1. Helix 62-78 versus the longest principal axis of the chain: what is the Cα-based angle in degrees, 0 to 90, to the nearest 10?
2. In whole Å, what is the distance between the alpha-carbon centres of segment 260-307 and segment 105-120?
3. Say the dipole of the chain comes from +1 at the beta carbon of Lys and Arg and -1 at that of Asp and Glu; which of ILE159, HIS339, GLY16 then lies farthest toward its positive end?
4. Mind checking the dipole of segment 37-166: about its Cα centre, +1 per Lys or Arg Cβ, -1 per Asp or Glu Cβ, Debye to the nearest 20?
5. Among the listed pairs LYS221/LYS286; LYS42/LYS98; LYS98/LYS298, give every one whose C-alpha distance is greater than 21 Å.
6. Defining a contact as two alpha carbons under 8 Å apart and six or more residues distant in sequence, what relative contact order in percent does the chain show?
7. Test of understanding: ordering PHE105, PHE306 by Cβ neighbours within 10 Å, fewest first, what list do you get?
8. When Cα extents along the principal axes in Å is calculated directly from the model, which label among (1) 60, 48, 41; (2) 63, 51, 39; (3) 58, 44, 42 fits?
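Readers should treat all values here as calculations from the given coordinates under stated rules, not as data from a laboratory. For clarity, every value in this text was computed on a predicted model and none was experimentally measured. Cβ placement follows ideal geometry from the backbone for every residue including glycine, while neighbour counts extend to all protein chains displayed.
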Amino acid sequence: MVVTIVPRVESLASSGVLSIPKEYVRPQEELTSIGDIFEEEKKDEGPQVPTIDLRDIESDDPAVREKFRAELKRVASEWGVMHLVNHGIPDELIERVKKAGEEFFGLPIEEKEKYANDQTSGKIQGYGSKLANNASGQLEWEDYYFHLVFPEDKRDMTIWPNTPADYKVATEEYARVLRSLATRVLSALSACLGLEEDRLEKEVGGLEEMLLQMKINYYPKCPQPELALGVEAHTDVSALTFILHNMVPGLQLFYEGKWVTAKCVPNSIIMHIGDTIEILSNGKYKSILHRGLVNKEKVRISWAVFCEPPKEKIILKPLPEMVTEAEPALFPPRTFAQHIEHKLFRKDNPEDEAKSSE
């Protein structure tokens, strides 16, 4: 069997190169919008990614609960991304998860290579870097570590690193508490649409079938950050995505025709509404186009957990309650696997997104 050798961005970054290989240089039309991420994060004018306080998500006071739901619905409809605060996940656990991920990426590359994935043979879990899978052969300035973390019976623990010692314990615990946070958020999003609270969760597979996939993104320092992207513009295919990061800015959202930089909000978790929920809600909730910038000064690490429906068992389509004569179905019925396939052949880009939303 031939294993494709993928160059690690970390090796490239630490080799002392002053200019990046052409495979990492973005097309000219993108370069005009790539700025200095630290300067971008300082800007206070213009739209800012909203913060949602989850303290009142299950309030016993109906008026307080309704006020919370109205705000959640507004943000999910207008933005589809938010900083969650008072989310109930202990700071100490989050710090352990982040420390374990940082220590893993601090290992020598040959140690990390023991966990390498092999995308060409379909072995997608493990340590990896993006293969050039588009016509221009472009690559992203990141390495990553990807594996399924929930449900427990679907995990492949041989993929999970043995070093650092706390990696498995902290990640298992984080997956468990994040799974209950996903239920709480999906319940509120269901109620906001006038549906039964457990409806959306059932539609994406419930406790047995909804998958939580963790991707730790490692963005090394880049000698020419104005030419590269850590992650190119895309929308998430998931139902929900929850993101932690090491407080180095990088996330940008395409909102009202412009790239908006997400601030680093202490003790928050970033949450995206993904395509799956956009489809079920018939576009009432938004899956926002986003990308990741890199920089010269600091390594950025983010921990994304994608909550996904099973690939083949469920047909995703707008829920009947979301479809009327005035608001016909915006999305054809597809399995999750078919949706991913469809997206691979239809390149997301801001211009197309802007046109389609006009």
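1. 50
2. One Cα centre to the other: 25 Å.
3. The residue sitting farthest along the positive end of the dipole is GLY16.
4. It works out to roughly 420 debye.
5. Violating the 21 Å Cα-Cα cut-off are LYS221/LYS286; LYS42/LYS98.
6. This gives 21 percent for the chain.
7. Details: PHE105 19, PHE306 22.
Sorted ascending by nearby Cβ count, the order is PHE105, PHE306.
8. Read-out taken from this structure: (3).
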